[in-house]
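Peer 1: For reference, the structure I am asking about is given below.
The values are calculated or read from the model by the stated rules, or taken from the named source; none is laboratory data. The structure displayed is predicted, hence computed values, not measured ones. With ideal geometry, Cβ positions are generated from the backbone for all residues, glycine too; neighbour counts draw on all protein chains shown. Accessible surface areas use protein heavy atoms only, side chains included; no ligands, DNA or RNA. Shrake-Rupley method; radii C 1.70, N 1.55, O 1.52, S 1.80 Å.
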Amino acid sequence: MTISGTLRDSYGRPIRDLRVSLTDRCNFRCFYCLPHGEPPIAPKEQMLSYEEIEYVCDIFVELGIEKIRLTGGEPMMRRDIETIISKLAALKSKGLHDLALTTNGYFLPDRAQGLKTAGLDRITISLDSLKRDVFKQMTGVDVLDRVLAGIAAAKNAGLEPIKINAVIVRGHNEDETADFAAFAREHDVCVRFIEFMPLDSGHDWSRDDVVSGREIRASISERFPLVPLDVHRGSGTSSRYRFADGAPGEIGIIAPVTEPFCGACSRIRLTADGQIRTCLFSTVEHSLRDVVRTGATRNEILEFIESVAMKKEPRHYINDPGFVAPSRSMSFIGG
Ligand code: SAM
């Protein structure tokens, strides 16, 4: 039930953070996400239109959502995302605090400024390697220089604070963690290291491939001693560190496998085809699209969202023996 405009789940956790996937499509083929490429593209009519996204986001904001992050697939592959960004930015007058985007950075060299002008606050860019050959091997595309140019363009456009996300996978890029820390210092950005999660469409995830947050912290600290940032973590996913020598930049460690943070989770997700997911690892989805398209009133939609929020799982079950990975990969769920 809503208590002073705050959506809550049945465990009393406030839900303030909505991730909206704009498309299932992606121009990268990261081996830990979409190794075998996209299944046939879903018919356009199953996707939420921009008008529908704007409408339901308006309702979510009425329910207390403060942050909206646009994601995908690769969100910048959807046509004219500047249009939906400017519509959602208008929700700031109604209680939205923060409008962000997660992207692989490919389109940023030409479009970062346009995103800022449309009203985007900040950006997270995925970057799994600083080495051309490893980048290509992990993402399936040979475009490291272009992504680096995209990061520079985002900085020039003022889409700050810029976060860089690197998924660390054993045998691929775990030797680069300190190099990433050097990158954070040089460019004054926050580099966040993410543990490999069982969300790959190939279902090839193995616990042996997970490089733990603890191991990542230790390997960075050998070269650059870290100091935990004295910030209230709240519902944030990462533990945050600064450099002990006072250098610019920041390190974040996101360790959902070895250090789960479900107790503070404030997230809910909307897939590109209009399904609400209450957890990254949910095995069920709730069709907001069907509710909206069958002519429900605004109040009925609001009540539907409230009832779905009550079904949010207490935690993910990655570490339980009977764990079943969701059938849809991160690219469909909206990372
Ligand atoms: N295309 C955009 C991008 O590359 O950032 C947004 C969508 S992508 C699915 C969002 C994030 O999910 C990326 O940082 C990606 O590395 C991460 N991701 C995908 N599959 C993952 C997995 N199995 N484990 C951990 N992170 C994953």
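Peer 1: If the range 112-184 were replaced by its equivalent ellipsoid, with semi-axes equal to the square roots of 5 times the Cα gyration tensor eigenvalues, what would those be, largest first, whole Å?
Peer 2: 25, 13, 10
Peer 1: Over all alpha-carbon pairs in the range 210-259, figure out the percentage whose distance exceeds 15 Å.
Peer 2: Cα-Cα pairs of the range 210-259 separated by over 15 Å account for 45 percent.
Peer 1: Determine the principal axes of the Cα atoms in the chain, then give the extent along each, sorted from largest to smallest and rounded to whole angstroms.
Peer 2: That gives 57, 46, 42 Å along the principal axes, largest extent first.
Peer 1: What's the magnitude of the charge dipole for the range 43-121 around its Cα centre, counting Lys and Arg as +1 and Asp and Glu as -1 at the beta-carbon? Answer in Debye, nearest 20.
Peer 2: For the range 43-121, the charge dipole is close to 180 debye.
Peer 1: Going by alpha carbons, how many degrees (0 to 90, nearest 10) lie between the helix axis of 108-118 and the longest principal axis of the chain?
Peer 2: 40 degrees
Peer 1: Could I get the Rg over Rh figure for the range 1-119? Both from C-alpha atoms, Rh via Kirkwood, rounded to two places.
Peer 2: Result for the range 1-119 is an Rg/Rh of 1.00.
Peer 1: With the other protein chains left in place, how much accessible area per residue, in square angstrom, belongs to the chain at a 1.4 angstrom probe?
Peer 2: Per-residue value: 42 Å².
Peer 1: By how many degrees, between 0 and 90 and to the nearest 10, does the Cα long axis of helix 298-309 differ from the longest principal axis of the chain?
Peer 2: Long axis of 298-309 versus the principal axis of the chain: about 50 degrees.
Peer 1: Would you be so kind as to identify which of ALA264, SER206, PHE183 lies farthest towards the positive end of the dipole of the chain, taking Lys and Arg as +1 and Asp and Glu as -1 on Cβ and the Cα centre as origin?
Peer 2: Going by the charge dipole, the pick is ALA264.
Peer 1: Treating the beta-carbon of each Lys and Arg as +1 and of each Asp and Glu as -1, no other charges, what is the dipole magnitude of the range 137-215 about its Cα centre, to the nearest 20 debye?
Peer 2: 320 debye
Peer 1: What is the Cα radius of gyration of the range 50-131 over 2.2 N^0.38 Å, N being its residue count?
Peer 2: Details: Rg = 13.0 Å, N = 82, 2.2 N^0.38 = 11.7 Å.
Relative to the 2.2 N^0.38 Å estimate, the range 50-131 comes out at 1.11.
Peer 1: Distance check, please: which entries in LYS87/LYS155; LYS44/LYS131; LYS94/LYS163; LYS116/LYS311 exceed 28 angstrom between their Cα atoms? Write down the numbers at each step before the final one.
Peer 2: On the way: LYS87/LYS155 23 Å; LYS44/LYS131 37 Å; LYS94/LYS163 26 Å; LYS116/LYS311 36 Å.
Check vs 28 Å cut-off fails for LYS44/LYS131; LYS116/LYS311.
Peer 1: Nearest 10 degrees, 0 to 90: what angle lies between the long axis of helix 177-187 and the longest principal axis of the chain (Cα atoms)?
Peer 2: Once rounded, one gets 80 degrees.
Peer 1: Of ILE41, ILE59, ILE194, which has the most accessible area with a 1.4 Å probe, and how do the rest follow in descending order?
Peer 2: The residues order as ILE41, ILE194, ILE59, largest area first.
Peer 1: Can you give the Rg/Rh ratio of the range 150-270, where Rg is from the C-alpha atoms and Rh is the Kirkwood radius?
Peer 2: Numbers: Rg = 14.8 Å, Rh = 15.2 Å.
Reported Rg/Rh, Kirkwood definition of Rh: 0.97.
Peer 1: May I pose another question? Considering the options LEU120, LEU130, ALA89, tell which one lies farthest towards the positive end of the dipole of the range 69-159, charges being +1 on Lys and Arg and -1 on Asp and Glu at the Cβ, about the Cα centre.
Peer 2: ALA89
Peer 1: With unit charges on the beta carbons (Lys and Arg positive, Asp and Glu negative) and the dipole taken about the Cα centre of the range 223-322, which residue among VAL227, SER307, SER238 sits farthest to the positive side?
Peer 2: Looking along the dipole axis, the top candidate is VAL227.
Peer 1: Whenever you get a sec, compute what percent of the accessible area on the chain sits on carbon and sulfur atoms (1.4 Å probe). Could you put the intermediate results ahead of the total?
Peer 2: Working: 7300 of 14150 Å².
Using a 1.4 Å probe with all protein chains present, the chain comes out at 52 percent carbon and sulfur.
Peer 1: Separate question: Of all beta bridges DSSP finds with both residues in the chain, what is the antiparallel percent, to the nearest 5?
Peer 2: Values: 13 of 44 bridges.
Roughly 30 percent of the DSSP beta bridges within the chain come out antiparallel.
Peer 1: Cα convex hull of the range 214-335: mean projected area in nm², to one decimal?
Peer 2: Spelled out: convex hull of the Cα atoms, projected over all directions, averaged, 10.1 nm².
Peer 1: Quick check for me: using +1 on Lys/Arg Cβ and -1 on Asp/Glu Cβ, what's the dipole size of the chain about its Cα centre, in debye to the nearest 20?
Peer 2: 480 debye
Peer 1: Say R0 is 41 Å: what FRET efficiency, to the nearest 0.05, do VAL134 and ALA89 get from their beta-carbon distance?
Peer 2: 0.65
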